[in-house]
């Protein structure tokens, strides 16, 4: 069965601190994708990154970086020099093909990040 | 730009009412999805559709039904709304491994 675990329910940091959000997944599929989404107080889910199961290269985008390790089934997300605008709920998700044609997303329970000024 | 729109951002309904939540996408995607989001539970899949008039139950379909008469439109129906259906409802559409989300409808059932 597919599963995504975000063990951190809430994290509070002070502006300019670095913070890492953890994500651990379970799947027996060899082909899958991993995602991170941000949900600000407005409610809309904002896509941040997609990673496929064959690409373990870490990725950096500005202050954001992602560490994908298949050996530990983890896909962690680090924000460097956090800002108040980073305050949001962050979801990790696993996508896999269902029935050969339809992708399904399994979400973690989310991590609420509060960045204090 | 992919656009997924939902008919209402906020909705207040009474117990027992029939409620329709509408979702429209403009990317000609085959797949469309309805999720509900509750604190501490993340997003849970209610129903999805992989083609017009085709639907499949997700993880929590009880109390809901769906309709997909046209490719771009996917409706979620609460036949008789109950207070435990108060939640945030998110629609998504997608092809391949990606899904694109609408802004969400916050439904309150009183």
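Points to keep in mind about this one:
- Spin-label zone in the stretch A:40-71 - amide nitrogen under 18 Å from a point set 7 Å from the Cα of residue A:114 along the C-beta vector: A:40-43
- Spin-label model distance (nm) - residue A:44 vs residue B:52, 7 Å beyond Cα toward Cβ: 2.9
- Each residue in B:71, A:70 was given a count of other beta-carbon atoms within 10 angstrom of its own, and listing them fewest first yields A:70, B:71.
- Ranked B:87, A:73, criterion: other C-beta atoms within 10 Å, fewest first: A:73, B:87
- As a proxy for reagent exposure, A:89, B:12 were ordered by neighbouring Cβ count within 10 angstrom, fewest first; the result is B:12, A:89.
- In this simple spin-label approximation, residue B:82 and residue B:38 carry label points 7 Å from Cα along the Cα→Cβ vector, and these lie 1.1 nm apart.
- Length gained when the stretch residue A:18-residue A:63 is fully extended (0.36 nm per residue, less Cα-Cα span): 15.3 nm
- In this calculation the C-beta distance from residue A:85 to residue A:29 is compared with R0 = 45 Å, giving a FRET efficiency of 0.80.
We did not get these values from a lab; they are worked out from the coordinates using the rules stated. None of the values given here were measured: they were computed from a predicted structure. Note: ideal-geometry Cβ built from the backbone for every residue, glycine included; neighbour counts use all protein chains shown.
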